[in-house]
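> Sharing a structure, written as structure tokens. Questions coming.
The values are calculated or read from the model by the stated rules, or taken from the named source; none is laboratory data. Owing to the predicted nature of the structure, the values given are computational and were not obtained by experimental measurement. Positions of Cβ are backbone-derived with ideal geometry, glycine not excepted, and every protein chain shown enters the neighbour counts.
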Amino acid sequence: MAATLFLSVAWTFIGWTWTAALELIPSFAGLGRRYIDQAAILFLSGVLLFLLAVAVHYLLLMLEESRTVEKEALRLQILAREAELRALRAQIDPHFLFNSLNSISALTVPDPVAARRMCLLLADFMRSALNVSAKDEIAFAEELKLAESFLDIEKVRFGKRLEVDFKVEPDCRDCRVPPLLIQPLVENAVTHGIAPLIEGGAISLNAVRRGGFLEITLENPYDSEFARAGGTGMGIRNVRERLTTLFENSARVDIQKDQGRFRVGLRFPCVRNGHNGAGND
């Protein structure tokens, strides 16, 4: 406040100095008296202008600080989301590897040739999985290839008991998806659906694109008694958490059980090279 008063006095004094100088000119005679009559108004105007300038200055500082805080909050949110995704992805590899090694162990004595073939397929699959796991997203076509590679491994163990039927519309294949999204669901279908059934069954996958969203349905037979005893594993929970972390309320995971059929439905935005697929319809 002292600065305000000081500057207003200086403002008024400078005005008086100019007025006194102008009064030396005959045509400006009497200007000093008129200035003195208006001095109080000029003084108050100086106070108000200074306060307004201070208010605008602090408002700009607050806006800049607010933007800085928002940027930092967004950066921390992104870092937290990336850390969560890395943690969720880290759960997949050991879980899948444990199940695969268990399958190879089961084949070692009754069918060593099949066990050896399964080891080679597993090595190829793990090489591909490691390549994509370091990425934030891959094409859906690449994710399908990984799922098919996994099923090739399981076909060695199950033979004719395991059938596969993939139906994917062409315009779905270039949608970007998180890596290893489908593989846990396929693994879950094999472990909790096909394996307990003596006659085995077929795993079907359908993928379509509707209104800018990729819709994936994975279906398999299951034994209700085994499901109650053994649960559904971590695959579905992991997929749901990853999609929620990435797309929040725009993603959906639905589960249906009906007459010995287990169905998982995924729906999330189809993003193509950084652009939402909605604009391509």
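> Return only the number of the condition from (1) in contact with a Pro (Cβ under 7 Å, 6 or more places away or on another chain); (2) surrounded by 20 or more Cβ atoms within 10 Å (Cβ to Cβ); (3) assigned to a loop (DSSP other than H, G, I, E, B) that Val239 does not satisfy.
(3)
> Condition first: out of contact with any strand residue (DSSP E or B) (no Cβ under 9 Å at 6 or more places or on another chain) and farther than 14 Å from Arg242 by Cβ. Now tell me which residues in the range 159-194 satisfy that.
Answer for the range 159-194, where residues must be out of contact with any strand residue (DSSP E or B) (no Cβ under 9 Å at 6 or more places or on another chain) and farther than 14 Å from Arg242 by Cβ: Gly159, Lys160, Pro170, Glu187, Thr191.
> Among the residues of the range 108-126, is there at least one that is in contact with a Leu (Cβ under 7 Å, 6 or more places away or on another chain), hydroxyl-bearing (Ser, Thr, Tyr), assigned to a helix (DSSP H, G or I) and in the same structural domain as Leu205 (by TED's automatic domain parsing)?
Checked the range 108-126: no residue is in contact with a Leu (Cβ under 7 Å, 6 or more places away or on another chain), hydroxyl-bearing (Ser, Thr, Tyr), assigned to a helix (DSSP H, G or I) and in the same structural domain as Leu205 (by TED's automatic domain parsing).
> Filter the range 245-261 for residues that are modelled with pLDDT of 85 or more and part of a helix (DSSP H, G or I) and give the result.
Selection gives Phe247, Asn249, Ser250.
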